[in-house]
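Here, each number is a calculation from the coordinates, and none is a lab measurement. Computed from a predicted model, the values in this text were never measured in an experiment. No Cβ is skipped: glycine too gets one built from the backbone with ideal geometry, and neighbour counts run over all protein chains shown.
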Amino acid sequence: MRTRSGVCADATQIVMTANTERMWQGLCRALGLQHLTSNPRFLTNKERHGKQGCLVAIVRGTKTETVIGAFEKMPLSLRETVETVTHDLDDGMAQIALACFPNAERIDDRFHVQKLVSDALQEIRIALRKEAIKEHNAKVREARERVGHYWAPTYENGATLKELLARGRHLLFKSGGNWTESQEQRAVILFREFPQLQDAHEISMQFRGIYAHSKDTEEAREKLRRWYERVEESLETFPSFETPMQTVQLHEETILNYFHGRKTNASAESFNAKIKNFRTLQRGVSDITFFLYRLSKIYG
């Protein structure tokens, strides 16, 4: 819907969504839209996703002061009823949540936290692949100096070393039980050639397991403590994990708030994907104001 500050003049938007029944009820109260809770189109979480009425506001830009100013147009008494806010690890979003929704519990979104650790693992893979490419190029140059050809040796799955490291990207995001047959074969070769990559993968999967298997906050806190210890013991070998560990330590309380109700930004990310797909179907956007007007008419 169009805000008092007007529609966005560029391609940046703030999207507000509610992905659980409790959050939906609180959001409607905060915005003074209680009538939506009894609307047949929005009775369940499934019926609300991506339909008319799911877009609450479009705020121009993501500047902290701008977003806070837009939210402050709503009465404080309504904003105080918001119980939960999920956001990424950006300090600006945390400031907005604290300033606009003083009673809300803040949660650092699971996807963004896990991505920090996954990126550290991928950094190790990328470094190994660069080294493999460097060695391959050196052997090609040597062969050309002898007026010959160099063909890289292949493994039992038909891949060369640099291909193995390139194609191993996706399997490193998964635990072994979720690999396809080809990924499992690739992982056996990859970890045989690079045992350190297997150790790094186990560290990453240990962190993911905290989210997947912890039943409550205290169990998650204890598992986090053990993960910190393992990372600290491995920093000499895997320095790329130091930054994710420090970030998680600094955000530990808001990360652990996830286990109070397991709330995430999933519905907001899903809606964002709908907007991107809508833009793709139009083969780009030349008139942004009209594009946002269409969004507000369809989803507002």
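Under a 5 Å amide H to amide H cut-off, with H placed in plane at 1.01 Å, what residues pair with Ile58 once short-range neighbours are removed? When sequence neighbours closer than 5 places are left aside, the close amide H contacts are Thr3. Within the set (i) 24.0, 80; (ii) 31.8, 105; (iii) 24.4, 75, the number that Rg and Dmax of the Cα atoms in Å takes when calculated for this structure is listed as (i). Taking 0.36 nm per residue of sequence separation and removing the Cα-Cα distance, the Lys297/Gln185 pair yields an extension gain of 35.3 nm.
Taking every alpha-carbon pair under 8 Å whose residues sit at least 6 apart, the stretch 143-300 reaches a relative contact order of 12 percent.
Per-residue 3J(HN,Hα) values for the stretch 126-132, derived from phi via the Karplus relation 6.51 cos²θ - 1.76 cosθ + 1.60 with θ = phi - 60°, read 4, 5, 5, 5, 4, 5, 5 Hz in sequence order (x marks Gly and Pro). Between helix 195-213 and the chain there is an angle of about 20 degrees, using the helix long axis and the longest principal axis of the Cα atoms. Computed about the Cα centre, the dipole magnitude for the stretch 115-260 is approximately 760 debye when only Lys and Arg (+1) and Asp and Glu (-1) carry charge, each at its Cβ.
Where a ≥ b ≥ c are the square roots of the eigenvalues of the C-alpha gyration tensor, would you call the stretch 92-160 rounded, which needs a/c under 1.5, or, failing that, prolate if a/b is larger than b/c, or oblate? Verdict is prolate for the stretch 92-160.
Stretch His260-Asp90 to full length: gain in nm at 0.36 nm per residue minus the Cα-Cα span?
Extra length from His260 to Asp90 when fully extended: 59.1 nm.
Judged by the gyration tensor of its Cα atoms, with axes a ≥ b ≥ c, the stretch 257-300 is prolate; a/c meets the 1.5 cut and a/b is the larger of a/b and b/c. Our coupling estimate for the stretch 98-107, obtained by passing each phi through the Karplus curve with A = 6.51, B = -1.76, C = 1.60 and θ = phi - 60°, is 5, 6, 9, 10, x, 9, 7, 7, 8, 10 Hz, Gly and Pro reported as x. Note on Arg226 and Glu123: with the Förster distance fixed at 35 Å, the Cβ-Cβ geometry gives a FRET efficiency of about 0.95. Under a 10 Å cutoff between Cα atoms, tell me which one of Ala187, Ala268, Ala159 has the largest fluctuation in the Gaussian network model of the chain. With Cα springs under 10 Å in the chain, the top fluctuation among Ala187, Ala268, Ala159 is at Ala159. For Asp88, the residues whose amide H sits under 5 Å from its own are Asp109, ignoring neighbours fewer than 5 places away on the same chain, with H placed 1.01 Å from N. The charge dipole of the stretch 126-183, taken about its Cα centre with unit charges on the Cβ atoms of Lys, Arg (+1), Asp and Glu (-1) only, comes to about 260 debye. Residues in the stretch 126-154, backbone N under 16 Å from the label point at Thr160 (7 Å along the Cα-to-beta-carbon vector): list them, ranges by number please. Taking a point 7 Å out along Cα→Cβ of Thr160, the residues of the stretch 126-154 whose backbone N falls under 16 Å are 129-145, 148-154. When both the stretch 55-76 and the stretch 160-181 are represented by their alpha-carbon centers, they are found 42 Å apart.
Distance from the Cα centroid of the stretch 96-147 to that of the stretch 220-237 is 20 Å (rounded to whole angstrom). Using the rule -39500 (n - 2.57) for each DSSP H run of four or more residues, divided by the residues of the chain, the 222 nm mean residue ellipticity is -18000 deg cm²/dmol.
Taking Leu164, Leu256, Leu224 in turn, the Gaussian network model of the chain (Cα-Cα springs below 10 Å) assigns the largest fluctuation to Leu164.
Positive end of the dipole of the chain (Cβ unit charges, origin at the Cα centre): among Gln249, Asn178, Ser270, the Cα lying farthest that way belongs to Ser270. Site pair Glu253 and Lys174 shows an inter-label distance of 3.9 nm when each label is modelled 7 Å from Cα along Cα→Cβ. Against the empirical 2.2 N^0.38 Å (N residues), the stretch 170-255 has a Cα radius of gyration ratio of 1.18.
Couplings for the stretch 286-300, taken from phi via the Karplus curve 6.51 cos²θ - 1.76 cosθ + 1.60 with θ = phi - 60°, read 9, 9, 5, 4, 5, 4, 5, 5, 5, 4, 5, 6, 7, 10, x Hz in order; Gly and Pro are left as x. Placing dummy labels 7 Å off each Cα toward the beta-carbon, the span from Arg208 to Lys115 is 1.6 nm. Once a ≥ b ≥ c are taken as the square roots of the eigenvalues of the Cα gyration tensor of the stretch 147-292, is the result rounded (a/c under 1.5), prolate (a/b larger than b/c) or oblate (a/b not larger than b/c)? Since a/c reaches 1.5 but b/c is at least a/b, the shape of the stretch 147-292 is classed as oblate. Modelled label positions at Asn103 and Gln34, each set 7 Å beyond Cα in the direction of Cβ, lie 1.4 nm from each other.
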